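The values are calculated or read from the model by the stated rules, or taken from the named source; none is laboratory data. Just so it is clear, the structure is predicted and the values come from calculations on it, not from any experiment. Neighbour counts run over all protein chains shown; Cβ positions are idealised from the backbone, glycine included. Each accessible area value is taken on the protein alone, full model and side chains, heavy atoms only, with ligands, DNA and RNA left out. Shrake-Rupley method; radii C 1.70, N 1.55, O 1.52, S 1.80 Å.
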Amino acid sequence: MKKYHLADALTVCELICAVILSGMAFLRVAPAYALWVFAAGELCDAYDGTCARRWPYPDDGKYRWWRVPRTVAFIEHMSDILLGLACGCYLILCINPLCGLILLGNMAVVAGVVELIIHNRPLDLAYAVLTRFSRTEIILARRVVYLIHIAIALIMMLIAAELPIAAKIALCGTGSCIGMYLIITKYEERLKKV
């Protein structure tokens, strides 16, 4: 496999994790297994953009429909949304319906309003409030909210999982370290662009 295919492979793995997690929700699989599938999907999501920037497709004149900028953005957003929906379904069906609905509803509202503003389809109130910020600031704010949702979902799955307390603490520490590394890496990438 060529290096420039890695980003596409990670996005496909994220979509596969979303499908598996949806199936796990309807089959009511134990939270310990769902935790691993969701974490794997989120790690794929975290690194697909980095891989795409680091190893871009060669300029060889071949047309790749999935690498057209608008298509890439659509596929990336859809894979994130599908994994988030699968996680929300799992939380609703298997862990706590109220918390799952609140988390899913909040994520849908934030993602919907921000996407409308970013793609220049304004809603009167949202447009008036959010146009005071730049497009980059809105995207960064959306990412922070998305990271908070991921952390809450992972914590809920971790608490519900039937694992020894030492394993839960170790997983929580490992997840926190990975999360901080990703936040720092994304922030440094953003500073390089400015």
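Helices (runs of 4 or more DSSP H) wholly in the range 109-194 with at least 1 residues that are out of contact with any helix residue (DSSP H, G or I) (no Cβ under 7 Å at 6 or more places or on another chain), under 23 Å from F38 (Cα atoms) and at pLDDT 80 or above - which ones? Full working, then the answer.
On the way: elements: 124-130, 135-160, 165-193.
In the range 109-194, the matching helices (runs of 4 or more DSSP H) lie at 135-160, 165-193.
Scanning for something part of a helix (DSSP H, G or I), over 19 Å from the mean Cα position of the chain (by Cα) and farther than 30 Å from M157 by Cβ, does the range 24-37 turn up at least one residue?
So far as the range 24-37 goes, no, none of its residues is part of a helix (DSSP H, G or I), over 19 Å from the mean Cα position of the chain (by Cα) and farther than 30 Å from M157 by Cβ.
Working carefully through the options R64, R28, R54, find the one that is open to solvent by 30 Å² or more (accessible area, probe 1.4 Å), on the phi > 0 side of the Ramachandran plot and not hydroxyl-bearing (S, T, Y). Step through it out loud before you land on a result.
Details: R64 fails: on the phi > 0 side of the Ramachandran plot; R54 fails: on the phi > 0 side of the Ramachandran plot.
Answer to the check: R28.
Quick check, is I92 in a helix (DSSP H, G or I), modelled with pLDDT of 90 or more, out of contact with any Phe, Trp or Tyr (no Cβ under 7 Å at 6 or more places or on another chain) and farther than 30 Å from K2 by Cα?
Values: in a helix (DSSP H, G or I): yes; modelled with pLDDT of 90 or more: yes; out of contact with any Phe, Trp or Tyr (no Cβ under 7 Å at 6 or more places or on another chain): yes; farther than 30 Å from K2 by Cα: yes.
Against the criterion (in a helix (DSSP H, G or I), modelled with pLDDT of 90 or more, out of contact with any Phe, Trp or Tyr (no Cβ under 7 Å at 6 or more places or on another chain) and farther than 30 Å from K2 by Cα), I92 qualifies.
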